[in-house]
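The values are calculated or read from the model by the stated rules, or taken from the named source; none is laboratory data. The structure presented is a predicted model; accordingly, all values stated were derived computationally and were not measured. Counting neighbours? That spans all protein chains shown, and the Cβs are built from the backbone with ideal geometry, glycine included.
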Number of protein chains: 2
Amino acid sequence: MAVNNGLFEFGLQNIKMKFVALAGGVGGAKLADGLYRVLPSSDLTVIVNTGDDLEHLGLRISPDLDTVCYTLAELANLDTGWGRSGETWRTMENVRRLGGPEWFKLGDTDLGTHLERTRRIELGDPLSSITRSFCQSWGISITVLPMTDDIVHTHVITSELGDLPFQEYFVKYQCKPRVLSFQFIGIESARPAPGVIEAIQEADWIVLCPSNPWVSIGPILAIPGIRDCVLQKKVIAVSPIIGGKAIKGPAAKMYEELNIRPNALAVANHYKDLLTSFVIDNMDVSEANQINDWGIISLITNTLMMKITDRIRLAEEIVDFCEQKRRETRK
Amino acid sequence: MAVNNGLFEFGLQNIKMKFVALAGGVGGAKLADGLYRVLPSSDLTVIVNTGDDLEHLGLRISPDLDTVCYTLAELANLDTGWGRSGETWRTMENVRRLGGPEWFKLGDTDLGTHLERTRRIELGDPLSSITRSFCQSWGISITVLPMTDDIVHTHVITSELGDLPFQEYFVKYQCKPRVLSFQFIGIESARPAPGVIEAIQEADWIVLCPSNPWVSIGPILAIPGIRDCVLQKKVIAVSPIIGGKAIKGPAAKMYEELNIRPNALAVANHYKDLLTSFVIDNMDVSEANQINDWGIISLITNTLMMKITDRIRLAEEIVDFCEQKRRETRK
């Protein structure tokens with residue numbers, strides 16, 4: 001809150017900035033939550049990957065959207081990084097007993113979200129308006145948007161098992177197969193969800209959250225129209241790879257299998273043409289020079305978000321840094 | 001067990017009888033359970049009403065089939081008469097919070113049954129084979145058959161609210177609207193599930209369980225082919241109305257609204273052309289003479305099944321009675 005209080009003290013409400021955060025699951029949700037706690041609600045929109053969405057047991061499941069919303073609503077399971085806190089597993093226990101598929105775990109409370117989302121989708125409601133309604137129910141005061149209301153399916157092409165829908169690669173095969181490439185099925189005809197382009201156009205800064213660049217941020221930017229719009233904006237990215245390792249998930253492993261050394265530099269390079277600034281962890285300070293050489297200004301700080309206070313501190317530092325950059329541009 | 005032990009003692013296995021029970025929900029499930037505990041597994045088939053089935057929250061729900069199976073598997077909630085014992089309600093609590101429909105209560109464990117049933121139906125499995133598989137999983141050793149694999153929807157035509165799907169009449173409106181008539185939508189083209197006709201043909205006795213004659217037993221008998229087949233057999237019915245009142249559900253209220261005095265006599269009259277015998281409660285002994293006058297032989301006993309021992313005793317008495325009738329016919 002320090003940043004805003006600072007702004008308000010000086011009566012600078014009129015120069016407050018609007019942010020759009022692009023996010024996948026866990027890491028993205030954490031930074032989105034930090035920004036949510038730091039910025040006025042009207043100044044933040046979170047656009048979430050839906051390429052990981054799946055239909056399972058007849059239900060429409062949006063893992064990243066749910067992780068982001070559960071995190072913002074303080075309903076998330078902080079241990080697993082997915083699902084709800086204090087969850088129980090009675091439904092799945094019965095499904096298992098009846099011989100049904102149990103590889104994709106659905107908690108009892110979490111299931112209510114999927115049942116109600118599926119019911120409304122079958123009534124013809126678009127995912128974006130369902131998400132808006134869910135956010136209201138959960139008391140989330142910012143706008144959370146799916147990247148698209150259309151169906152996009154991220155597939156991972158692997159050397160051992162060929163073409164795998166993302167959740168099979170991720171959950172069923174625990175990211176073990178070697179990655180050859182990615183495919184976002186349906187992306188060519190997918191349209192940005194209502195509000196996505198408008199939010200980006202109105203934003204002062206776009207934040208690429210510390211989510212997987214290949215399968216979380218990648219699909220969002222691949223929706224026709226979104227990358228072009230982001231290109232017009234000041235963009236700051238936070239690396240999901242710290243000290244050569246992904247905090248969670250297969251990002252580092254994917255870079256390696258695609259013959260790219262997994263580090264912050266690789267992430268900066270990934271987003272190179274989009275970036276104004278890049279947040280580098282103190283551990284990776286040696287990579288800052290190279291990134292600066294590309295004309296990308298680095299914010300060097302501690303980017304690991306273990307506790308909720310870490311999310312807030314990192315978000316404050318990013319907002320502070322962006323404000324400073326804007327003042328410099330104005331001079 | 002006394003009955004079978006008796007038969008086996010005299011080396012009479014070769015004259016053991018086969019039973020088919022037609023059942024709806026609670027009352028039917030209780031007598032089916034009594035018969036299940038008394039008869040060898042190979043000698044009992046239960047055919048269950050599916051006219052009450054509904055699609056809700058995208059799930060295929062078979063309330064009577066589930067009540068029968070949960071009861072036989074000792075998983076049923078004895079207090080409510082539906083759903084599972086020791087149930088929790090976390091999924092519905094979340095659905096409610098999200099503004100979804102909450103009039104039809106689905107417990108967390110119970111939901112697993114509906115999810116897995118729906119998944120298999122969408123794969124093209126017929127309800128009868130799904131039910132067989134579920135019975136195996138739950139350790140139920142007799143054959144439980146849905147009346148049909150086709151979709152039949154019982155509707156209640158009411159004076160206040162017009163045409164209501166059964167579960168809306170039953171659950172949402174708590175049987176309050178006045179009944180004018182019933183409609184079994186889809187019944188003309190519904191075929192008996194595989195095994196239904198064979199089981200009836202092979203049976204020595206058909207037991208019409210103490211379920212609602214209008215909306216539980218009625219739809220089963222209305223499937224083309226079933227009534228004609230039952231007509232060839234010895235049939236014994238147990239009244240769901242005792243002392244002018246239905247033990248559970250709207251049977252008595254329905255008779256009243258259709259201008260028929262609700263009592264055991266009304267139930268016997270309902271099934272008149274089918275019946276060989278009729279089980280009358282001690283409370284209703286005054287009605288036995290009239291029933292005897294119709295050429296229907298009465299078994300007069302205590303038919304209220306409060307405890308599990310009541311189910312066993314009533315089943316034993318019915319099996320004993322049927323055996324005695326057969327011996328008399330043979331003489």
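Return yes or no: is A:THR91 out of contact with any strand residue (DSSP E or B) (no Cβ under 7 Å at 6 or more places or on another chain), of a type in the set (Ser, Thr, Tyr) and either farther than 28 Å from B:THR109 by Cα or assigned to a loop (DSSP other than H, G, I, E, B) (or both)? The answer is no for A:THR91.
Working only within region B:195-212, note down all residues that are touching a helix residue (DSSP H, G or I) at 6+ places or on another chain (Cβ under 6 Å) and in a loop (DSSP other than H, G, I, E, B). Before you say what the answer is, go through the steps one by one.
So the first thing to find is which residues in region B:195-212 are touching a helix residue (DSSP H, G or I) at 6+ places or on another chain (Cβ under 6 Å), and the list is B:197, B:200, B:205-206, B:208-212.
Passing the criteria: B:CYS209, B:PRO210, B:SER211, B:ASN212.
A count restricted to region B:70-81 and to residues that are crowded, with 20+ Cβ neighbours inside 10 Å and more than 11 Å from B:THR113 (Cβ to Cβ) stands at 3. Got a sec? Which of B:THR71, B:THR45, B:THR50 is more than 11 Å from every other protein chain (Cβ to nearest Cβ), under 20 Å from the mean Cα position of the chain (by Cα) and assigned to a helix (DSSP H, G or I)? Within the list B:THR71, B:THR45, B:THR50, the selection yields B:THR71.
Restricting attention to region A:112-123, the residues being farther than 22 Å from A:PHE170 by Cα and either buried (at least 21 other Cβ atoms within 10 Å of the Cβ) or in contact with a Lys or Arg (Cβ under 7 Å, 6 or more places away or on another chain) (or both) number 7.
Residues of region B:146-164 that are out of contact with any helix residue (DSSP H, G or I) (no Cβ under 9 Å at 6 or more places or on another chain) and surrounded by 14 or more Cβ atoms within 10 Å (Cβ to Cβ): B:ILE151, B:ILE157, B:ASP163.
For region A:249-275, filtering for residues that are surrounded by fewer than 16 Cβ atoms within 10 Å (Cβ to Cβ) and out of contact with any His (no Cβ under 9 Å at 6 or more places or on another chain) leaves 5.
Residues are listed down the side, and each one gets a yes or a no for (1) aliphatic (A, V, I, L, M); (2) in a loop (DSSP other than H, G, I, E, B); (3) over 24 Å from B:ALA76 (Cβ atoms):
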{"position": "B:CYS135", "(1), (2), (3)": "no, no, no"}
{"position": "B:LEU145", "(1), (2), (3)": "yes, no, no"}
{"position": "B:HIS155", "(1), (2), (3)": "no, no, yes"}
{"position": "B:ASP163", "(1), (2), (3)": "no, no, yes"}
{"position": "B:GLN167", "(1), (2), (3)": "no, no, no"}
{"position": "B:GLN174", "(1), (2), (3)": "no, yes, no"}
{"position": "B:LEU180", "(1), (2), (3)": "yes, no, yes"}
{"position": "B:PHE184", "(1), (2), (3)": "no, no, yes"}
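Out of A:ASP125, A:ASP79, A:ASP108, one residue alone is acidic (Asp, Glu) and within 26 Å of A:ALA222 (Cα to Cα). It is A:ASP125. As for region A:165-185, it holds no residue that is charged (D, E, K, R), at pLDDT 95 or above and surrounded by 18 or more Cβ atoms within 10 Å (Cβ to Cβ).
Pairs are defined by a Cβ separation below 7 Å, a sequence spacing of at least 6 or placement on different chains, a first member in region A:73-99 that is closer than 12 Å to A:ALA29 by Cβ, and a second member that is crowded, with 18+ Cβ neighbours inside 10 Å and of a type in the set (Val, Ile, Thr); the pairs so defined are A:ALA73/A:ILE140; A:ALA76/A:THR67; A:GLY81/A:VAL26; A:TRP82/A:THR67. Selection of region B:212-268 for residues being in contact (Cβ under 8 Å) with a residue 60 or more places away in the chain and among the acidic types (Asp, Glu) yields only B:GLU257.
Yes/no per residue for (1) modelled with pLDDT under 95; (2) more than 8 Å from chain B (Cβ to nearest Cβ); (3) surrounded by fewer than 20 Cβ atoms within 10 Å (Cβ to Cβ):
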{"site": "A:GLY99", "(1), (2), (3)": "no, no, yes"}
{"site": "A:TRP103", "(1), (2), (3)": "yes, yes, yes"}
{"site": "A:ASP110", "(1), (2), (3)": "no, no, no"}
{"site": "A:ASP125", "(1), (2), (3)": "no, yes, yes"}
{"site": "A:GLN136", "(1), (2), (3)": "no, yes, yes"}
{"site": "A:VAL144", "(1), (2), (3)": "no, yes, no"}
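In the list B:PRO240, B:PRO192, which residue meets the criterion of being modelled with pLDDT under 95, of a type outside the set (Lys, Arg) and under 17 Å from the mean Cα position of the chain (by Cα)?
Answer to the check: B:PRO240.
Note on region A:231-331: enclosed helices (runs of 4 or more DSSP H) holding 1 or more residues that are charged (D, E, K, R) and closer than 29 Å to A:PRO177 by Cα are A:251-257.
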